Amino acid sequence: MALGKIKADTLEHSTAGTVDTQFVVKGSTKAWAKFDTDAVIDEGFNSSSVTDNGTGDFSLSLTNSMSSSLYIALTTCGNAKHCQSSEGSRTSSLGKILTFDNSHNANDVNDLNITFNGDLA
């Protein structure tokens, strides 16, 4: 089977108009994952594994790396707790989520979600 290419500057929908392909390339989430404290990815895209580094500290490895560590990582978590992406330990192929209780102590929570926005390598 031969591999092919599609080259286009815009995409057009029959009723919804057109969009520049750079908007799709630049504006799309490049990786995301949903997981719990069991460090198993429940759902995800471009996410290969989760590592539990200790209480409230998780690392997500990417299947395909970002172009640098300067991408944007957005996090949410359940159980009315707090979570954040850790920029200090972020690399082009690894994102980190830190989770806290309401007193800002490290705490494991369920329903962890992270998205990566930026350019792929």
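The values are calculated or read from the model by the stated rules, or taken from the named source; none is laboratory data. Being a predicted model, the structure only gives us computed values, none of them experimental. Please note: Cβ atoms are built from the backbone with ideal geometry, for glycine as well, and neighbour counts cover all protein chains shown. For the accessible areas, the whole protein counts, side chains as well, though only heavy atoms, and no ligand, DNA or RNA atoms are used. Shrake-Rupley method; radii C 1.70, N 1.55, O 1.52, S 1.80 Å.
Values as computed for the structure displayed
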item	result
Sole residue being in contact (Cβ under 8 Å) with a residue 24 or more places away in the chain and either farther than 24 Å from residue 22 by Cα or open to solvent by 40 Å² or more (accessible area, probe 1.4 Å) (or both), chosen from 101, 119	119
Selection count, segment 35-62, where residues are among the hydrophobic types (A, V, I, L, M, F, W, C) and either open to solvent by 30 Å² or more (accessible area, probe 1.4 Å) or more than 15 Å from residue 90 (Cα to Cα) (or both)	5
Hits in segment 86-118 - residues which are of a type outside the set (A, V, I, L, M), under 20 Å from residue 47 (Cα atoms) and at pLDDT 90 or above	91, 92, 93, 95, 96, 99, 111, 113, 115, 116, 117, 118
Long-range neighbours under 8 Å by Cβ, at least six apart or interchain, first residue of a type outside the set (Lys, Arg) within segment 51-63, second in a loop (DSSP other than H, G, I, E, B) and open to solvent by less than 30 Å² (accessible area, probe 1.4 Å)	51/39; 52/39; 56/109; 58/39; 62/46; 63/46
Residue within segment 66-80 that is open to solvent by 40 Å² or more (accessible area, probe 1.4 Å), over 28 Å from residue 23 (Cα atoms) and either without any contact (Cβ under 8 Å) to a residue 24 or more places away in the chain or assigned to a strand (DSSP E or B) (or both) present	yes
Conditions (1) without any contact (Cβ under 8 Å) to a residue 40 or more places away in the chain; (2) open to solvent by 90 Å² or more (accessible area, probe 1.4 Å); (3) assigned to a strand (DSSP E or B); (4) within 21 Å of residue 67 (Cβ to Cβ): number failed by residue 32	(1)
Complete set of residues in segment 15-29 that are touching a Ser or Thr at 6+ places or on another chain (Cβ under 7 Å), free of Cβ contacts under 8 Å to residues at least 60 places away in the same chain and under 20 Å from residue 120 (Cα atoms)	20, 21
